[in-house]
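Notes for the one structure printed next.
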Amino acid sequence: MTALDWIWLGQALGPGSPWAGEVLRSGIPPKELYRLSLAGCLPETLAEPLRRRLAQPLSRKQVAQWEERIRACGVQVIPFSSPAYPPLLRGLASPPLVLYAWGDVGILRDSLCIGLVGPRKATPYGLEAARSIARDLVSCGAHPVSGHALGIDSAVHEGALAAKGGSVMVLACGHDRDYPKDTLPLRRQVAAQGGAVISETLPGEPFHRDSFEKRNRLLAGLSMGVVVVEAGEKSGALDTARQAGEQGRDLFCVTGSIFEPNQAGVAKLLREGARPVTGAADILTEYFPLYPERIEEAALRALEEGPTKRLASRGIPPKNPPPQAKSPSISRRPAAPKEPDFSFLPPESRSLLQKLGNGKAHIDELAASLGENGGKSLAALTELEILGLVKSLPGGYYEKA
C-alpha cells in the first residue's frame with residue numbers, strides 16, 4: 001500500500017470529511033477501494049453518497065501534479081497507515097486520512113502536547129500570557145499546539161521559539177500558501193527548531209470557508225488538553241473549545257480581567273466546567289501523575305516555586321511547612337509499584353493486553369485472537385495507545401508500553 005493510495009482517498013473525500021470514519025471502519029484498504037472504483041463495483045455496504053465520491057478515476061496527469069506539488073513544497077506525507085501517524089488522531093470519529101508535515105512529527109507521538117487558542121485581536125495581557133505559557137511548557141519538555149494566525153497563535157509559537165523548543169503549528173491551508181500574509185518565515189522557523197507544521201490539505205489545493213473549523217478539529221485532536229487564553233462571545237477559539245469537549249479533551253482557561261470583552265467567552269467556559277489556570281504549572285501538574293516520563297520534574301518544580309505559581313485553590317505548599325507536612329505539589333511515583341488494575345478497560349482491551357504479554361504481536365494476530373477482521377482490535381489498540389499502555393511498531397506490530 002503506497003502513500004499515493006491514501007492521497008487519492010483523501011482527495012476524493014476532501015479534508016475533514018465526515019465519510020473518513022466510515023471508510024476506515026469498512027476495513028477495505030485504499031488500494032482495493034481504488035480497484036473496486038475503477039471496476040465500478042464498490043460494495044453496497046458503503047453509503048451511496050460515499051460511493052459517488054469514490055467513483056473518481058485518476059489520470060496520470062493528476063498523479064504527476066500531486067507528486068510535483070509535494071516535491072516542490074518539501075512536505076512529508078503521513079498516511080493513516082503510517083507508524084508516524086499521531087496516535088491521538090486515530091481516536092477521532094473521522095480522522096484525517098493523510099497529513100502533510102514539515103519538521104519533527106515524532107513530537108506528536110512521544111511528547112505531551114497542549115493546545116493554546118485565542119483571538120487574532122488579542123489584548124497585550126493575552127499575548128504575554130500565551131508567550132509565557134508556551135515558553136514554560138517547552139521548558140518542562142511539553143509542546144504547545146496552536147493554529148497559524150495573527151494574535152494568540154503567533155504569540156504561542158514565538159514563546160516556544162524564545163525558549164529554544166518545538167511547537168506544533170496546525171494550518172488551515174496548504175504549506176505553500178502564504179496565509180496569513182508574510183507569515184511563511186514563522187512556519188519555517190517552527191519546523192527548523194524542532195517543531196512540526198501540520199496540515200491535512202495537499203499543497204496547491206484551494207482554501208475553503210470551513211477550513212478553519214476543520215483545522216480546529218485537528219488542533220484539538222492533537223492535544224491532550226486545550227487552553228483558551230482569551231475568547232470573546234463569538235471568538236473562533238470557542239469552536240476549538242467545543243470540538244475539544246466533543247473529543248474528550250481536557251479544557252482549561254486563563255483567568256483575566258472581568259472588564260475585558262475578550263473574557264466573555266472565557267467566563268462562559270469556566271461556568272461550564274473548564275479549569276482555570278494562571279500558568280503552565282497549573283496545566284502540567286494535572287498530567288505529571290499520568291505521564292511522568294514526558295514532563296521534566298525538576299523544571300516543573302522550578303515553575304511551581306517561581307513567579308508563575310499554581311492556583312491557591314489547588315493548594316500551594318506553605319513557605320515554611322512543619323516537619324511532618326506533606327507537600328501537595330507533584331505526585332511522586334510509588335517506591336514499589338503495585339500490580340496495575342485494568343478492570344476499567346473493556347473486555348477486548350484487557351484481552352489484547354494479555355495477548356501482548358511481555359512481547360510483541362502483529363495486528364492480524366491480535367485481531368484473530370478476538371475472532372474478528374481488525375476493526376474492533378484497531379479501535380481497542382488505539383485506545384490503549386492513547387492511554388499509554390501499548391505502542392505501535394513499524395510493520396503493523398504492537399507491544400506493551
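The values are calculated or read from the model by the stated rules, or taken from the named source; none is laboratory data. All values reported here derive from a predicted model rather than from experimental measurement. When we count neighbours, we look across all protein chains shown, and the Cβ atoms used for this are built from the backbone with ideal geometry, even at glycine. Each accessible area value is taken on the protein alone, full model and side chains, heavy atoms only, with ligands, DNA and RNA left out. Shrake-Rupley method; radii C 1.70, N 1.55, O 1.52, S 1.80 Å.
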Checklist entry - What about PHE207, is it aromatic (Phe, Trp, Tyr) and touching a helix residue (DSSP H, G or I) at 6+ places or on another chain (Cβ under 9 Å)? => result no
Next on the checklist: For region 166-186, give me each residue that is free of Cβ contacts under 8 Å to residues at least 12 places away in the same chain and not in a loop (DSSP other than H, G, I, E, B).
Outcome noted: LEU184, PRO185
Checklist outcome for this item: How many residues of region 127-157 are among the β-branched types (Val, Ile, Thr), closer than 19 Å to ALA191 by Cα and touching a residue at least 40 places away in the same chain (Cβ under 8 Å)? The answer is 3
Next on the checklist: Just to verify a result, which residue in region 36-62, among those that are outside any helix (DSSP H, G or I) and open to solvent by less than 50 Å² (accessible area, probe 1.4 Å), is farthest from PRO206 (Cα to Cα)?
Outcome noted: PRO43
Next on the checklist: Just to be sure before I move on: is PRO95 assigned to a loop (DSSP other than H, G, I, E, B), more than 30 Å from PRO261 (Cα to Cα) and in contact (Cβ under 8 Å) with a residue 24 or more places away in the chain in the structure I sent?
Outcome noted: yes
Checklist outcome for this item: From the option list GLY256, GLY248, GLY236, single residue qualifying as on the phi > 0 side of the Ramachandran plot and open to solvent by 10 Å² or more (accessible area, probe 1.4 Å) is GLY248
Checklist entry - Taking into account only those residues within region 267-291 that are assigned to a helix (DSSP H, G or I) and out of contact with any helix residue (DSSP H, G or I) (no Cβ under 9 Å at 6 or more places or on another chain), which is nearest to GLY256 (Cα to Cα)? => result ALA267
Item to check | Residue within region 307-315 that is outside any helix (DSSP H, G or I), touching a Lys or Arg at 6+ places or on another chain (Cβ under 8 Å) and modelled with pLDDT under 95 present | outcome: no
Checklist entry - If you scan region 210-233, which residues turn out to be of a type in the set (Gly, Ala, Ser) and open to solvent by 20 Å² or more (accessible area, probe 1.4 Å)? => result none
Checklist entry - Is there any pair linking a residue in region 240-258 that is closer than 19 Å to TYR125 by Cβ and free of Cβ contacts under 8 Å to residues at least 60 places away in the same chain to one that is open to solvent by 50 Å² or more (accessible area, probe 1.4 Å) and among the aliphatic types (A, V, I, L, M), with Cβ under 6 Å and at least six apart or on different chains, and which? => result CYS253/LEU270
Checklist entry - Of the numbered conditions (1) at pLDDT 90 or above; (2) open to solvent by 60 Å² or more (accessible area, probe 1.4 Å); (3) touching a Ser or Thr at 6+ places or on another chain (Cβ under 7 Å), GLN65 satisfies every one except a single condition; which is it? => result (3)
Checklist outcome for this item: The correct count of residues that are within 22 Å of GLU205 (Cβ to Cβ) and in contact with a helix residue (DSSP H, G or I) (Cβ under 9 Å, 6 or more places away or on another chain) in region 77-107 is 21
Checklist entry - Could we say that PRO124 is free of Cβ contacts under 8 Å to residues at least 40 places away in the same chain, open to solvent by less than 10 Å² (accessible area, probe 1.4 Å) and more than 25 Å from PRO206 (Cβ to Cβ) here? => result no
Next on the checklist: I'm trying to understand the selection: among the residues of region 1-14, which are modelled with pLDDT of 90 or more and open to solvent by 30 Å² or more (accessible area, probe 1.4 Å)?
Outcome noted: GLN11
Checklist entry - Do the conditions hold for VAL105, that is, is it among the β-branched types (Val, Ile, Thr), within 22 Å of LEU251 (Cβ to Cβ) and either buried (at least 21 other Cβ atoms within 10 Å of the Cβ) or in contact (Cβ under 8 Å) with a residue 12 or more places away in the chain (or both)? => result no
Checklist entry - Does region 189-201 contain any residue that is hydroxyl-bearing (Ser, Thr, Tyr) and over 29 Å from TYR291 (Cβ atoms)? => result yes
